[in-house]
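Here's the structure, in structure tokens; my notes come after.
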Amino acid sequence: MSTYWCELAWLGGDGVDAGVAIEVEGDRITTVTTGLAAAPGGAVRLDGVTFPGLANAHSHAFHRALRGATQAVQGTFWTWRERMYTVAGRLQPDSYLALARAVYAEMALAGITCVGEFHYLHHDAGGARYADPNQMGRALIEAAAQAGLRITLLDTCYLRGGLGPDGSPVALSGAQRRFSDGDGARWAERAGELGADEHGMLGPHARAGVAIHSVRAVPPGQMQPVVAWSHAFGAPLHAHLSEQPAENEACLAAYGVTPARLLDQAGALGPRSTVVHATHLTGDDIGLLGGSRSVACFCPTTEADLADGIGPARALADAGCPLSLGSDSHAVVDLLAEARLVEMGERLAGGRRGSFRAEELATAATVAGHACLGWPEAGEIAPGALADLVTVALDTPRLAGVQAGTALESVIFAGFAADVRNVVIGGRDVVAGGRHLLVDDVPAALDAAIAPLLSPA
């Protein structure tokens, strides 16, 4: 048993509590006591504001290699995608393990305790299966373990190269061949070989989820095996949705309905489902998603970086969609930035401040994110919850002068990943004093993993 004493802690309300003692046994919180002016004897002191662990609900680990490398020229999402395919074509299990380990360590330094990895880089060059057809997925699971994170591996069905403007199917090409299992049945066969137990667990730190890459990459007749897998294991089901207007136009040309309606017709919406981006929606789409209680995952730093647009976050939340957050392409890894940019997007689009309260954004980064990844026992500082704690220091240039009465607002609207000082995951210290305890030199690990992926062929 161990005890942590928090100078200030967010326990889920509209402000923070002072002098909070958190007792932990094994990987769980046993008691939470507020109002203690001094730390109990033997307690670990956490100065600053302590939050539950942050959940990164949408990650493509290998995209981290592109940070900054695609900024030198103009372009669109579609031109960026071609550069991404080049990186995807170079990865092998060992290099993917090294890259993902470094990326997940960067996440831990940013206060992320659980990641949802939207995984579609399944096979070897040309689409040939490895001897273990899930070798790349297992590399991601191992990478999370080495970095100290919890992971939901969202095994992704990706079957074709896209849809043409007229709705015609586009064949797989280049690195895309590595993504495909051929059809939904073969995808389900391979996903079954991951070895999830009846509850969808792949290990103490790892859970299985599933994903439909997009309506561009999976025809509706091939979505049913993914939906069935989700039902069989009670597993999360994620999908990219309406990230680009061109996706909507091609879907309408091919099927006569919007992507949201197509997913609904396939049975892919519901409380276990998460739609990622949800940027270009009709009013009917918003009502459909809210009525199904599907989660909307916003990734504002990536959506801005790729010039995707600003999604209707407030309208979706008001319609009934819980909101979660992701760092997606890892243009930056900073869940505090993602949280406040949801509100900033509303301000830019609507000309009004205060669409989201700080506690709503904190909830999206914690409890809602964990729930959409299949970890409802995480994301809260409460007895019985997983003991995940993230402490944001208040003695940094960005947060110096913060007052206790508005500390939650200050951290959400002015704090950065660089202000994270301590991270506890499942009762284990993973970051202390801003230093990762499992990966000694995170920048060096990132450098070593990324350089070969960007070097001239």
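Here are a few things to note about the model shown:
- Qualifying positions in region 389-401 - open to solvent by less than 30 Å² (accessible area, probe 1.4 Å) and more than 16 Å from A18 (Cα to Cα): T396, L399
- Qualifying residue in region 170-178 (condition: polar (S, T, N, Q), surrounded by fewer than 23 Cβ atoms within 10 Å (Cβ to Cβ) and farther than 21 Å from V227 by Cβ): yes
- Checked against the criteria, A449 counts as farther than 19 Å from D47 by Cβ, among the small types (G, A, S) and crowded, with 16+ Cβ neighbours inside 10 Å.
- If you check R186, R160 for being more than 29 Å from A102 (Cα to Cα), free of Cβ contacts under 8 Å to residues at least 40 places away in the same chain and out of contact with any helix residue (DSSP H, G or I) (no Cβ under 8 Å at 6 or more places or on another chain), only one passes: R186.
- Any hit, region 33-56, residues being closer than 21 Å to T156 by Cα and under 23 Å from the mean Cα position of the chain (by Cα): yes
- Residue match in region 342-349 (condition: in a helix (DSSP H, G or I) and either among the aromatic types (F, W, Y) or touching a Lys or Arg at 6+ places or on another chain (Cβ under 6 Å) (or both)): yes
- Consider region 141-157 and keep the residues that are among the polar types (S, T, N, Q) and touching a helix residue (DSSP H, G or I) at 6+ places or on another chain (Cβ under 8 Å). The one that is least open to solvent (accessible area, probe 1.4 Å) is T156.
- When region 378-404 is filtered for residues that are in a loop (DSSP other than H, G, I, E, B) and of a type in the set (S, T, Y), only T396 remains.
- When restricted to residues that are farther than 17 Å from G270 by Cβ, of a type in the set (A, V, I, L, M) and either touching an Asp or Glu at 6+ places or on another chain (Cβ under 7 Å) or open to solvent by less than 10 Å² (accessible area, probe 1.4 Å) (or both), region 200-214 contains 2.
- Helices (runs of 4 or more DSSP H) contained in region 256-328 and holding at least 3 residues closer than 29 Å to S168 by Cβ, open to solvent by less than 10 Å² (accessible area, probe 1.4 Å) and basic (K, R): none
- Of all residues making up region 345-370, the number that are of a type in the set (V, I, T) and out of contact with any Asp or Glu (no Cβ under 6 Å at 6 or more places or on another chain): 2
- Those residues of region 407-426 which are within 16 Å of A9 (Cβ to Cβ) and either free of Cβ contacts under 8 Å to residues at least 24 places away in the same chain or in contact with a strand residue (DSSP E or B) (Cβ under 7 Å, 6 or more places away or on another chain) (or both), in sequence order: A407, S410, V411, G415, D419, V420, R421, N422, V423, V424
- Checked across region 236-243, the condition of being of a type outside the set (A, V, I, L, M), out of contact with any Leu (no Cβ under 9 Å at 6 or more places or on another chain) and farther than 21 Å from Q222 by Cα holds for no residue.
- Selection status of D197, free of Cβ contacts under 8 Å to residues at least 60 places away in the same chain, part of a loop (DSSP other than H, G, I, E, B) and open to solvent by 50 Å² or more (accessible area, probe 1.4 Å): yes
- Residue count for region 405-424 satisfying the condition of being surrounded by fewer than 23 Cβ atoms within 10 Å (Cβ to Cβ) and part of a loop (DSSP other than H, G, I, E, B): 1.
- Here the condition is being open to solvent by less than 50 Å² (accessible area, probe 1.4 Å) and modelled with pLDDT of 95 or more; of R129, R138, R190, it holds for R190 alone.
- Taking region 231-258 as the range and being of a type outside the set (A, V, I, L, M) and in contact with a Ser or Thr (Cβ under 8 Å, 6 or more places away or on another chain) as the test, the residues that pass are P236, H238, H240, S242, E243, Q244, E247, N248, C251, T258.
- Qualifying residue in region 65-79 (condition: farther than 27 Å from A9 by Cα, of a type in the set (G, A, S) and crowded, with 20+ Cβ neighbours inside 10 Å): yes
- In region 332-359, residue farthest from S410 (Cα to Cα) [restricted to those that are small (G, A, S) and surrounded by 15 or more Cβ atoms within 10 Å (Cβ to Cβ)]: A349
Quick grid of which residues meet (1) within 26 Å of G426 (Cα to Cα); (2) of a type in the set (F, W, Y); (3) open to solvent by less than 40 Å² (accessible area, probe 1.4 Å):
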position	(1), (2), (3)
T363	yes, no, no
G379	yes, no, yes
A382	yes, no, yes
A387	yes, no, yes
Q403	no, no, no
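The values are calculated or read from the model by the stated rules, or taken from the named source; none is laboratory data. Quick caveat, the model's predicted, so the values are computed rather than measured. Cβ: placed from backbone, ideal geometry, glycine included. Neighbour counts: every protein chain shown. Ligands, DNA and RNA are excluded from the accessible area calculation, which covers all protein heavy atoms including side chains. Shrake-Rupley method; radii C 1.70, N 1.55, O 1.52, S 1.80 Å.
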